Amino acid sequence: MRVILPGDMENIYNLHLEGIDAAIETVYIPKPRDVVIGKIIAEKKNVAYIVDISSFYAMSIMIRGLEMRLNIGDYVMGVVSQTGETLENVRLLRNGVIYRVPESKVGRIVGSKGEMLKLIEKLSNSKLEVGRNGIIWIGRGDFSRAIDIINTIVKRAHIRGLTDYIMKNFGDAK
Amino acid sequence: MRSDGRQKDELRNIKLEVGILRNAKGSAYIEWGMNKILVGVYGPEEAPPAIENLERAIIKVEYRMATFCSLEEHGKYVPNRRAVEISKVLREALSNLILVDRYPGGLIEVQILVLQAEGGTRVASFVAAVAALIDAGIALRDIGYGISAGKVNNEIVLDLSKEEDNLGQGDIPICITRKGDILLLQLDGKISYEELQSAIEMVRSKREFFENLIRDAFTRRYSKELSNDLVRHI
């Protein structure tokens with residue numbers, strides 16, 4: 001296995017492993033139309049809620065036009081707007097477990113066309129929402145089993161044949 | 001022949017490990033001869049309004065020497081003049097290596113702790129800081145490395161030890177990128193232009209060694225299944 005360092009090739013600025021597209025470790029930078037999950041950390045009276053999305057700057061949700069009341073400590077899911085500073089289509093996440101993973105592993109957890117995500121949901125009988133920033137909300141079902149599977153994926157994200165590995169280790173117990 | 005029997009361009013033994021601190025975003029530990037240095041990288045996080053720059057990230061470097069790291073610094077923990085100077089030059093060198101315009105309004109902290117010092121800590125800190133920044137996932141233009149060249153017995157040599165540094169005729173710490181761009185060059189002592197040129201050439205010729213050093217450190221880290229340390233923020 002070969003490690004690709006920043007500057008080894010054109011337009012490579014992070015650490016990569018040969019044959020895998022995504023960088024091993026990155027810093028999440030919000031991009032327009034990303035679906036993210038965040039925690040409300042403050043409120044500017046009648047103007048906006050401030051949301052921590054574990055990036056290096058916080059997002060805000062404009063209160064004008066919002067149909068619900070949010071509280072500090074709530075977790076919400078939303079879409080990053082075109083300007084990259086506010087969240088749109090906000091939805092409150094109730095009654096679940098929040099779990100965080102490194103942002104660069106999100107691609108592996110979702111899988112191509114969402115296959116891996118469906119597999120986790122099937123194996124742990126749960127409902128998952130995954131934010132592009134690495135925050136995962138687990139809605140119902142077997143939380144600890146879902147977290148076990150997610151941890152396994154994070155630890156082995158750089159190894160091929162992950163779906164088979166998950167099926168082999170978690171598939172038979174159901 | 002030098003005091004410890006090395007050749008003119010021979011480096012001391014160097015060992016580099018990455019990803020050893022759980023609570024830092026990225027970390028590295030280097031043993032360079034008798035130097036032992038630990039580096040942690042935190043962030044990027046939102047910079048406080050007083051120092052933030054909306055066009056680029058602010059880099060903060062804190063170089064600290066442990067009270068037990070060497071004889072002269074014994075018993076002092078507050079940053080001394082030397083530590084303040086090294087923090088400043090390393091900050092400027094790293095600011096030119098990191099793609100700072102990717103993180104507008106952000107703050108990247110690099111904490112350097114020297115556990116044991118024996119000459120050439122600023123360049124050793126620089127190599128460890130580069131590895132820790134790569135480990136943290138911060139975008140870098142290229143990898144960089146540094147070696148302190150110097151003049152001992154009227155000859156230009158690489159990687160001065162403490163005695164050579166204190167008793168030699170001059171010392172030139174140089175940090176460069178792999179492509180050869182100079183990030184840091186300090187000079188203390190009397191050295192001619194030709195000698196400076198040859199010192200820079202000698203540092204440039206060590207390019208492959210440092211490339212392999214950093215590559216091997218990351219290969220060791222990722223070649224096996226990752227330990228629990230990677231699952232952060234639980």
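The values are calculated or read from the model by the stated rules, or taken from the named source; none is laboratory data. What you are looking at is a predicted structure, and each value in this text was computed from that prediction instead of being measured. Quick reminder, even Gly has a Cβ in these numbers, built from the backbone with ideal geometry, and neighbours come from all protein chains shown. SASA here: full protein model, heavy atoms, side chains in, ligands and nucleic acids out. Shrake-Rupley method; radii C 1.70, N 1.55, O 1.52, S 1.80 Å.
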Relative contact order of segment B:14-223, defined on C-alpha pairs under 8 angstrom at six or more residues apart (%) | 22
Exposure ranking of B:Glu17, A:Glu67, B:Glu211, B:Glu163 by accessible area [1.4 Å probe, largest first] | A:Glu67, B:Glu163, B:Glu17, B:Glu211
Select from segment A:1-36 all residues whose loss of accessible area on going from the chain by itself to the full protein assembly reaches 50 Å² or more (probe 1.4 Å).
-> A:Met1, A:Val3, A:Leu5, A:Pro6, A:Tyr13, A:Leu15, A:Glu25, A:Val27
By how many degrees, between 0 and 90 and to the nearest 10, does the Cα long axis of helix B:193-204 differ from the longest principal axis of chain B?
-> 50
Which whole-number percent is the relative contact order of chain A (Cα, under 8 Å, 6+ apart)?
-> 18
Positive-end residue of B:Phe126, B:Met202, B:Val152, charge dipole of segment B:121-205 with Cβ unit charges = B:Phe126
How large, in Å, is segment A:35-93 by the Kirkwood hydrodynamic radius built from its alpha-carbon pairs?
-> 11.1
Leaving ligands, DNA and RNA out of it, report the carbon-plus-sulfur percent of the accessible area of chain A at a 1.4 Å probe.
-> 47
Give, rounded to the nearest 20 debye, the magnitude of the charge dipole that segment A:97-170 has about its Cα centre when Lys and Arg contribute +1 at Cβ and Asp and Glu contribute -1 at Cβ.
-> 120
Once amide H atoms are placed 1.01 Å from N in the peptide plane, what residues at a sequence separation of 5 or more from B:Gly26, or on another chain, have their amide H within under 5 Å of its amide H?
-> B:Val41
Which semi-axis lengths, in whole Å and largest first, follow from the square roots of five times the eigenvalues of the Cα gyration tensor of chain A?
-> 30, 23, 11
Calculate the mean, over all residues of peptide B:213-223, of how many other protein chain Cβ atoms lie within 10 angstrom of the residue's Cβ.
-> 3
Given charges of +1 on the Cβ of Lys and Arg and -1 on the Cβ of Asp and Glu, with all other atoms neutral, how large is the dipole of chain A about its Cα centre, in debye to the nearest 20?
-> 520
Computed over chain A: longest principal axis from alpha-carbon atoms vs helix A:143-155 long axis, angle to nearest 10 degrees, is 60
Volume per residue (Å³) of the convex hull spanned by the alpha carbons of segment B:14-223 is 125
